[in-house]
Structures are given as structure tokens and as C-alpha cells.
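As C-alpha cells, the structure follows; a few thoughts come after it.
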Amino acid sequence: MSPTHALLQADVTGAYLQSQLGGRPAWIVLPPSLWPKWWSEKGYKQPVSRLRKALYGLQRSGFDWAKKAHSVLTAAGWTVIPDVVDAVYIKRDGTKVCIMALYVDDILASGPSDMLTEALDAIRGVS
């Protein structure tokens with residue numbers, strides 16, 4: 001690592017909740033404490049609601065989050081490093097280089113301090 005490089009480690013809070021749920025529709029049974037009053041009045045026994053956002057624990061959520069993160073990062077000028085796993089990104093600014101790795105909802109980046117700030121701003125753009 002270059003002496004001018006710094007490291008950044010961060011966790012994306014609520015990462016999966018930032019992406020739309022893809023694939024087949026998923027439904028969740030709502031607890032009675034979340035029911036509007038009129039549902040009980042109409043005699044609903046076990047109402048369900050369709051999930052629109054990914055949730056931790058759903059099989060597809062990790063893929064949906066990675067897709068959302070990839071879309072936002074590439075729009076911000078980051079590129080996937082060819083012939084490496086899809087979760088390692090690079091951004092160049094003249095002679096400066098910043099590398100970012102995503103693993104589930106964790107980030108590890110190395111680069112000049114100003115580029116690390118930019119990296120954090122880019123990943124915040126996901127949420």
C-alpha cells in the first residue's frame with residue numbers, strides 16, 4: 001500500500017432495504033398491531049402484504065442489493081475490475097487510484113483520503 005493511501009472500512013446500514021425486491025412476488029403476514037382499524041372491522045383474519053423492498057433473510061435480497069449497488073457505483077464512475085469478482089471496483093482520477101470491495105453490506109476501500117470520501121459518498125448514494 002502506498003504511503004499516500006488510507007483504508008476505509010464501513011458497514012451500509014439497512015443495505016438490503018435500499019433495493020427493490022426482484023424475482024417472484026413475496027408476501028408477508030402482518031401482525032395485528034400493524035393492521036388499520038378497518039381491517040378488523042371487515043373481519044380480516046390473517047391479512048398479508050406484498051413486499052416491495054428486499055429484507056435480510058430472503059434468498060434473493062443479497063442479489064438485489066448487489067445489483068442496486070452496482071448500478072449506483074457505475075453511474076458514479078466506478079468500474080468493475082475485469083477478471084476479478086464482480087464486487088471489486090476501481091476509480092481513477094489522473095494518477096490517483098481508489099479500489100473498493102463490497103462484501104454483502106460491508107465496504108473496504110483503499111486510496112487517497114479525498115477519493116475515500118468520494119467512495120463513501122458514492123456508496124451512500126445507494127441508500
Item to check | Relative contact order for the chain, counting Cα pairs under 8 Å that sit 6 or more residues apart, in percent | outcome: 33 percent
Checklist entry - If you roll a 1.4 Å probe over the heavy atoms of the protein chains, what accessible area per residue do you get for the stretch 2-88, in Å²? => result 71 Å²
Next on the checklist: Can you show me the helix-derived [θ] at 222 nm for the chain, built from DSSP H runs with n ≥ 4 at -39,500 (n - 2.57) apiece and divided by the number of residues, rounded to the nearest 500.
Outcome noted: -7500 deg cm²/dmol
Checklist outcome for this item: Computed over the chain: longest principal axis from alpha-carbon atoms vs helix 61-75 long axis, angle to nearest 10 degrees, is 40 degrees
Checklist entry - Per the Cauchy relation, a quarter of the hull surface: what is the mean projected area of the convex hull of the alpha carbons in the chain, in nm²? => result 10.0 nm²
Checklist outcome for this item: So the carbon and sulfur contribution to the accessible area of the chain, 1.4 Å probe, in percent, is 58 percent
Checklist entry - Would you list 16, 89, 44 from the most to the least accessible area, probe 1.4 Å? => result 44, 16, 89
Checklist entry - How much accessible surface area, in Å² rounded to 10, belongs to the heavy atoms of residue 40 with a 1.4 Å probe? => result 70 Å²
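The values are calculated or read from the model by the stated rules, or taken from the named source; none is laboratory data. Note that this is a predicted model, so its numbers are computed, not measured. For accessibility, only protein heavy atoms count, side chains too; no ligands or nucleic acids. Shrake-Rupley method; radii C 1.70, N 1.55, O 1.52, S 1.80 Å.
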